[in-house]
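Chemist: Below is a structure I'd like to ask you about.
No lab work stands behind these numbers, since they all come straight from the coordinates. What you see is a predicted model, and the numbers here were worked out from it, not measured in a lab. Positions of Cβ are generated from backbone atoms using ideal geometry, with glycine treated the same way; all protein chains shown enter the neighbour counts.
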Amino acid sequence: MKFSTYNPSSIEEIKLLFTKTFSDSEGEAEGTLIGNLAYDLLTNTDGHDLYCFIATENEKIIGSIIFSKLGFEKSEVNAFLLAPVAVHTSCQGKGVGQKLINFGLDALKQSGVELAITYGDPNFYSKAGFAPINEELVKAPLKLTYPEGWLGQSLVSDKIEAIAGNSYCVQALSKPEYW
C-alpha cells in the first residue's frame, strides 16, 4: 500500500470511491451526496485551502481523505477540517483509514498547520488522535446535528487552545446537510 498526495487526473476515481463507499454503508442518496461533495471540494476549492491524500494498492485508489481550510474571524490559527474520508468497502477494517489519516496529519504538520478538526464518529477518529471538543473551545461553522462528533487535535502541542469567535469553512462544505 502506498500513500501520496492526489493527482488532479484522479478526481473522477476519487469521486467514485466516495460515492461507492458511502452508498455501501449509508445508501445511494448519501453516496451521491458525499461523492458530489468530494468532487466539489477538489474542483472548486483554491489549492491553498485544500489537501487531498490517497491510499493506493495495485495502482487503484482504495482510500482518500480531504482536508480543507477552517478559518476564524478572530484568530490567525492555521487550521484544516478533515472531511470526507473514504476507504473502499473491501479494504475496511485493515487500518487503511488510520494510516492514511496519520500520513495526512504528518504532511499538514510539515506544512505548518497547527490544528486539525473533524466531524464524525469519535470511535473511529480517536484512533488517529482526535478527541472530543466543544463549541466553547472551537466553534463549528454551521449548526452541528451530532455535537458528539465535533473532534480535534493540536498538531503543535498537547492541547487545543480556545479560539474566540466564529469559524468558517470552504464553500463546498458550507451547507447544512453536511453538518
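Chemist: Tally up the residues in the range 1-49 that are over 17 Å from the mean Cα position of the chain (by Cα) and either among the acidic types (Asp, Glu) or closer than 20 Å to residue 98 by Cα (or both), please.
Modeler: Number satisfying all stated conditions: 9.
Chemist: Residue 54: within 20 Å of residue 107 (Cα to Cα), touching a Phe, Trp or Tyr at 6+ places or on another chain (Cβ under 6 Å) and of a type in the set (Val, Ile, Thr), yes or no?
Modeler: Against the criterion (within 20 Å of residue 107 (Cα to Cα), touching a Phe, Trp or Tyr at 6+ places or on another chain (Cβ under 6 Å) and of a type in the set (Val, Ile, Thr)), residue 54 qualifies.
Chemist: Residue 62: touching a residue at least 60 places away in the same chain (Cβ under 8 Å), of a type outside the set (Gly, Ala, Ser) and in contact with a helix residue (DSSP H, G or I) (Cβ under 7 Å, 6 or more places away or on another chain), yes or no?
Modeler: Here the answer is yes, as residue 62 does meet what is asked.
Chemist: Every residue in the range 1-44 that is surrounded by fewer than 19 Cβ atoms within 10 Å (Cβ to Cβ) and of a type in the set (S, T, N, Q), please.
Modeler: 4, 5, 7, 9, 10, 23, 25, 32, 36, 43, 44
Chemist: Looking at 170, 156, which is the one that is under 17 Å from residue 84 (Cα atoms), of a type in the set (A, V, I, L, M, F, W, C) and in contact with an Asp or Glu (Cβ under 6 Å, 6 or more places away or on another chain)?
Modeler: Every option except 170 fails the conditions.
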